[in-house]
Structure formats: structure tokens, C-alpha cells
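Following: one structure in C-alpha cells, then a few remarks.
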Amino acid sequence: MRLDRLLARLDVSSRSSCRELLRAGRVKVNGEAKSDPAFAVPEGAEVTLDGKRLDTRLTRHLIMNKPAGVLTAKEDRFQQTVMDLLPKVYATLECMPVGRLDRDTTGLLLLTTDGDLAHRLISPARHVDKVYEARVDGTLTDGDVAAFAAGIPLKDFTALPARLEILAPDRGRVTVQEGKYHQVKRMFGAVGKPVLALRRVSFGPLKLDSALSEGEFRELDQEEAAALYAAAGMNHE
Ligand code: URA
């Protein structure tokens, strides 16, 4: 990749002000100052700015504990989005949310720069489990467990069979493999137990990290990333 493009993608500088950095000899590639914006940076090269090594990875995967009141969207003119909770470099790297949590839903949100991975993880054909904990208005029963297991008919489609575990009279843990609009809320609504609060606790092989407070995020480690690619049926080098 061209050096000026790389620096812009890493949110170091715009492509125009990059020229000044380069002219001043502040950017080195593998220890050598480079002044040509079009210099082709070799894969895996060490790039420094003022002697400080830049994190040049263009592929990133994040896990966020999404707070309530924030939109799952890349951007919005009026409301705060999950991207607003991240350093700007993730937006310039085109990191995007995988699937969607409602504005009032909290918990595990995955974000990635890998569009293919995102696409596969949300495809219903992949059957990736998503686990939610819900607090409902009403008392959950074995009949609800059976209804979820049978597949709940909704207005526009019938939900795939889902596992409901009763954690407390008004709290359930549900495992679904689809992610249609308001799906979990609609499923509980269909059995007459409207959802009062919803939190996603796992997504495929990933669990909500108890070290992450709401609004916090971290990058996935190698092992987690590999498990995610495996869940998507993709090779991960
Ligand atoms: N199902 C819902 O109803 N809402 C969410 O945010 C996620 C799944």
C-alpha cells in the first residue's frame, strides 16, 4: 500500500498533510526515512513516526459491551452511535458492527474491518448462536420453553426453534441463530411476556467479557479471532 494512503488509513494524517511529515523525514519504514508519498510499504514493514512504531494492522476485530441509548450504526446525524465510542482510527479502517443490537439493548457487540467475516457471521445459513438474557414483564413457564423450541410464528415469518432457559420467574436466557429485526423481543412478546431489558451475552464462540464495563471495548486476541473465523467457515492465517 502507498505510504500516504497507509498513514491516512491509520488516522495519522490526511494524505495532504502527510507530505509534510514525509518531507521532514519524520516517517521511517524499516528504519529508513521515506519522503515519497507513493512509496510502496512492504507487507509487515515496521513504520515509525517520530521514532514511535505505528500499529499498521489494517484488519481489526473488536468486542464491545454496548451500553443502552447508543445506535448500532456506522454513523448517524442526530444520535450517538457505537462508532462514536471508539477512537477515530477504527472508522478510518472501516471497522463496522456485525449485525445490530437495538438502541436499548446492551451487551456483546462485535465489530470488524473484515466485511466477508461480518457477512458470514450474520448469515442465517451459518447457524451462529447468539445468546441473550432478557428480563420480562410476566412469569416464564415451561409452556414458553416449549413454544420457543417449536419455533414461534410471528407476523412475517416463523422463528427457527430456539432454546429458552428460565433463570428466574421473570428472567430467561435464549439462544437464537437468526437476527431478524427485534426478533428476541418479538418472540417474548408473542408468548405474552414483553421484554423489559435485553442483553446479549455471547455471539458464536465469544462471551461477553466481564472485565468490560458498558461502553468499553477491546481488540480480540489471536485465539478469539481464530475461533470466530472458524465459526464463519473461513481460513484465518
Ligand atoms: N433481538 C431483539 O429484539 N433486539 C436486539 O437488540 C437483538 C435481538
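Key figures for this structure:
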read-out	value
Matching residues, segment 215-230, being more than 30 Å from GLY138 (Cα to Cα) and either among the small types (Gly, Ala, Ser) or not in a strand (DSSP E or B) (or both)	GLU216, LEU220, ASP221, GLN222, GLU223, GLU224, ALA225, ALA226, ALA227, LEU228, TYR229, ALA230
Matching residues in segment 104-117 - criterion: being among the polar types (S, T, N, Q) and within 11 Å of the ligand (Cβ to nearest atom)	THR105, THR106
Hits in segment 178-191 - residues which are surrounded by fewer than 19 Cβ atoms within 10 Å (Cβ to Cβ) and in contact with a Pro (Cβ under 7 Å, 6 or more places away or on another chain)	GLU178
Those strands (runs of 3 or more DSSP E) lying entirely in segment 22-103 with at least 1 residues within 12 Å of the chain's Cα centre (by Cα), surrounded by 12 or more Cβ atoms within 10 Å (Cβ to Cβ) and within 16 Å of the ligand (Cβ to nearest atom)	61-66
Selected residue [within 12 Å of the ligand (Cβ to nearest atom), within 20 Å of MET64 (Cβ to Cβ) and among the hydrophobic types (A, V, I, L, M, F, W, C)] from VAL174, VAL184	VAL184
Residues of segment 21-59 classified as within 24 Å of GLU94 (Cα to Cα), of a type in the set (S, T, N, Q) and touching a helix residue (DSSP H, G or I) at 6+ places or on another chain (Cβ under 7 Å), total	1
Residue that is surrounded by the most Cβ atoms within 10 Å (Cβ to Cβ), among those in segment 115-134 that are in a helix (DSSP H, G or I) and free of Cβ contacts under 8 Å to residues at least 24 places away in the same chain	ALA118
Residue count for segment 140-190, restricted to those that are among the hydroxyl-bearing types (Ser, Thr, Tyr) and assigned to a loop (DSSP other than H, G, I, E, B)	2
Long-range neighbours under 7 Å by Cβ, at least six apart or interchain, first residue over 9 Å from LEU117 (Cβ atoms) and among the charged types (D, E, K, R) within segment 214-237, second at pLDDT 95 or above and in a loop (DSSP other than H, G, I, E, B)	GLU214/PRO67; ARG218/LEU212; GLU219/ARG60
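Conditions tested, residue by residue: (1) within 16 Å of the ligand (Cβ to nearest atom); (2) crowded, with 19+ Cβ neighbours inside 10 Å; (3) part of a loop (DSSP other than H, G, I, E, B).
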site: LYS193; (1), (2), (3): yes, yes, yes
site: LEU196; (1), (2), (3): yes, no, no
site: VAL201; (1), (2), (3): yes, no, no
site: SER213; (1), (2), (3): no, no, yes
site: MET234; (1), (2), (3): no, no, yes
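For every residue, the table says whether it meets (1) at pLDDT below 95; (2) in contact with a Leu (Cβ under 6 Å, 6 or more places away or on another chain).
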{"position": "ARG15", "(1), (2)": "yes, no"}
{"position": "CYS18", "(1), (2)": "yes, yes"}
{"position": "LEU21", "(1), (2)": "yes, no"}
{"position": "VAL27", "(1), (2)": "no, yes"}
{"position": "PHE39", "(1), (2)": "no, yes"}
{"position": "THR81", "(1), (2)": "no, yes"}
{"position": "ASP84", "(1), (2)": "no, no"}
{"position": "LEU108", "(1), (2)": "no, yes"}
{"position": "THR112", "(1), (2)": "no, no"}
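The values are calculated or read from the model by the stated rules, or taken from the named source; none is laboratory data. Keep in mind the model is a prediction, meaning the values are calculated, not measured. Cβ: placed from backbone, ideal geometry, glycine included. Neighbour counts: every protein chain shown.
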